[in-house]
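Reading through the C-alpha cells given below for one structure.
What follows draws every value from the coordinates through simple rules; no lab data is involved. Computed from a predicted model, the values in this text were never measured in an experiment. Note that we place each Cβ from the backbone using ideal geometry, even for glycine, and neighbour counts take in every protein chain shown.
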Amino acid sequence: MIQPRTLALAIAALLPASPGLSARKPANQPTVLPSSAGTAAGDTPASTDASALSADAPGGRWLSRLAPGADPKVLELAVSAMQCAQSGGVGADARRLAVIDYSRPSLMPRLWVFDLAAGKLLYEEVVAHGQGSGDNMATRFSNDDGSHQSSLGLFVTADTYTGRNGYSLRMKGLEPGVNDAAMARAIVMHGAPYVDPVRAKSMGRLGRSWGCPAVRSAVARPMIDLLKGGQFVFSYYPDQAWLARSALLKCPAARNSLAHRGADGAPPSG
C-alpha cells in the first residue's frame, strides 16, 4: 500500500509554485449563463447533502443519483482519485468535480460537472477529444506533446487566460507519465465553435481539438469560472495500463471501486 506521506510528496512534486505559462487578463466578455434549452443542469435540485461523500456512502453512488446518465463506476473512480489526491494535500478545499467519460462517443453527453458542497449537478455536456485520439470514439491517449491526443487521469485546475481559443482554463496533471505534461502541452479547457451537437449529427462525430477538453462556446465561460482555482477534472477510459499503474487509483477507496469492475477494468455493459 502506498504510504500517505509518500503519496503526498509524489503529488506535491508535480505542482509547480506558479503556472508554466504566463497568464493574461481575460478579455472583457459578458458572462453567458447556462440556458435551460441546452444541456446545462445548473438548476438540478440536490438529492442529498454533501455529507454523503463519506466512507459510509461512496461518492460515486451519491453522484450517480444526481447524474443517472453517467456510469456510476466511473464516478466512483473519479471520487476515489480525488479523495486520494486530497489525502496528499492537493485540492483540499475543492468544491467542484468534473468527470469526462471518453469511453462514450463524442455525439453523447460525456462531461458532468458537480458542485460537491451544494449537492448539485451543474452541467451535463458533450466534450471534444483530441484529433489524435480517434473519430467519434476516442481510443488513443497520450502525454506527449504534438500527439494531439487527449490525456487520462486526474487534474487539478489552475488559473484562466485568454488565448487563441478564447477564455481558457489551465489544468495541472497529477499522474506521472500519464498527464503531468498537460501544462507544457497547453492542455486546457476552452470553448470552441466545432463543439456543435447539431453539426455533429451530419458529420457523424463532434469536432476535435488538439488534445484539449473543448466544450460548447455557450457554456465555456460559466463552466470555466466554476472550475478554476483548485477544483478537479477526471478523465476516464478503460485503459488497462493506466488503471493498473495509477497511484491515485491505488488508495484503499480507489481499489474498492476497481474491485467492482470487470477483469479488464471496463465498466459493466448494458
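General remarks:
- Placing a pseudo-label 7 Å from each Cα along the Cα-to-Cβ vector at ARG61 and THR162 gives an inter-label distance of 4.7 nm.
- Which listed pairs, of LYS120/LYS250; LYS172/LYS228; LYS73/LYS120; LYS73/LYS250; LYS172/LYS250, have C-alpha distances above 23 Å, in listed order: LYS120/LYS250
- Burial ranking of peptide ranges 241-247, 221-227 (average Cβ count within 10 Å, highest at the top): 221-227, 241-247
- Computed from the C-beta positions of ALA241 and MET137 and an R0 of 22 Å, the FRET efficiency is 0.75 to the nearest 0.05.
- Close amide H pairs (under 5 Å, H built 1.01 Å from N) link GLY163 with SER168, residues at least 5 positions away or on another chain.
- Each of ARG199 and ARG95 was given a label point 7 Å from its Cα along the Cα-to-Cβ line. The distance between the two points is 3.5 nm.
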